[in-house]
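Single-structure report; data block below.
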Amino acid sequence: MRLLALRSRLKWCFLGSLAITGPLWLAGCWLNGPQSTFDVKGPVARSQLNVFMVTVYVTTVIFVVVGAVLAYATWKFYCRSSADQPAEPRPQGHGNPLVEISLVSASVFCLILIALPTLKNIWYTYDVPEDQRANAYEITATGYQWWFKFEYPQEPITGVGPLVTGNELIIPAGRPVRINLRTVDVIHSFWVPKLAGKVDMIPNRANHLWLEADEPGYFYGQCAEFCGDSHAIMRFRVIALPAQEFAAWIVGQKLPARVVTPAGADAPQKPEAAQVRLANYPLADASSGDALSASPAFDAEPLTGWREKQIPSPAAEDPALIAEGRHLFQQKTCIACHTIRGHEGVGVTGPELTHVGSRTTIAAGSLENTPRRMRDWITNPNRFKPGNKMYNGGYTDPATGQRLINLTDGEITAIVAYLQSLK
Ligand code: HEC
Ligand SMILES: [Cu+2]
């Protein structure tokens, strides 16, 4: 008796606490966070969300029906006192054929309800639909421990090969984008929660996915397959631009790295097409202090922050310091791992840095691209990304732990000024 009473009290405690904390749990789920799969912004993610919701509805109905029957049976046949307890079990029967057949049919019906949209979705998300294929834009994404390289095979640069960028993927909005998925080392997984579900990047296997952004926007991406030490901070960004701005961005990216010349000297001009974006998206307030400082808009309105990053501000630059930085970048062997097209770098083991100053993030989307953060990164990359290949591949001798590249504070300042000037 005692035990029964205790058990029932525990049951009410449990149900009560669930009722009180339930809404808190829901609120805690934050359904529109930067990596939410509920706040979808493109047709592929939307179709995946639909399948998820169909499954939720069907299983909710099952839960409610089964729960109600269980609750009813529990209440009806509850043994209220030991006097109630039958001396012998009731005679056992085989069951009720009608109930059994109905239950089996209901289950099959539920499975079909879920299977139909699931199959349709698998076909739909596998590749760009036939009628839109001619309009699709192609990009190749390659996973490295622990960052992403993006190649634009439709944008060849004479004498170089396809246009290459790192960690920030710029795509045209409102247009299907087909992404080839590759890896140079272990298995990674490419995931932009608001645009499309994850697909693995597997060694020796040519996977692909497609996605489309309904509108221009700034989206968060993430490697979704455990790939070693810094997997959790192997991130990236996707920036979707209107067609015209995207075309202008391509023109600007294809140019070799920017050369900063002292005021009055003849600075190389960007061609007409690349100026479109400068004219359309002027810097909010050019007079607001140090142009190299963080863009305050970065978090509030990330796409605006990204646009501001595209525009050089020669007035705030120190050409002599930048020239020194360029020299140091070469002398301190940074060039062995990084390419700066048109300047000295040729390395391919690290991200391409030709226009690194125009990115909103560094270190694979894990640090905001400000002079301060870039200085922190160059001073000690391992502080932010344990095991990263910049630190382990050249900064230190893995055998002895001794530093191989020594930079003074002043040298780092020059290098940062140089890299930030590469818009
Ligand atoms: C041994 C190869 C190697 C050397 C040498 C090297 N780097 Fe790197 N660098 C990398 C790798 C790999 C990454 C990507 C790390 C990550 O995000 O996991 C990286 C990332 C960076 C980034 C961030 C880029 C981005 O878009 O995320 C900057 C900036 C950078 N390196 C600057 C430098 C400078 C300056 C030097 C010279 C002082 C240098 N690197 C030397 C391999 C190297
Ligand atoms: Cu990974």
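None of the figures in this text is laboratory data; all of them are computed from the coordinates on show. Computed from a prediction, not measured in an experiment: that's the story for all the values here. We place every Cβ from the backbone using ideal geometry, glycine too, and count neighbours over all the protein chains shown.
The 3J(HN,Hα) values that the Karplus relation (6.51, -1.76, 1.60; θ = phi - 60°) gives for the range 253-259 are, in residue order, 5, 6, 5, x, 4, 5, 10 Hz. Gly and Pro appear as x.
Take the Cβ atoms of residue 336 and residue 261, set R0 to 22 Å, and the FRET efficiency comes out at 0.25.
Each of residue 408 and residue 155 was given a label point 7 Å from its Cα along the Cα-to-Cβ line. The distance between the two points is 3.9 nm.
Averaged over residues, the count of other Cβ atoms within 10 Å places the peptides 162-170, 355-363, 212-220, 342-350 in the sequence 355-363, 162-170, 212-220, 342-350, highest first. Annotation: amide H-H contacts under 5 Å for residue 155 (H modelled 1.01 Å from N, sequence separation of 5 or more, or interchain): 163. Among 67-74, 190-197, the peptide with the highest mean count of other Cβ atoms within 10 Å heads the list, and the full ranking is 190-197, 67-74. Close amide H partners of residue 191, meaning residues 5 or more places away or on another chain with modelled amide H under 5 Å apart, are 222, 224. Straight Cα distances below 30 angstrom link residue 149 to the lysines 41, 194, 198, 254, 270, 309, 332, 385, 389, 423, with same-chain residues fewer than 8 positions distant left out.
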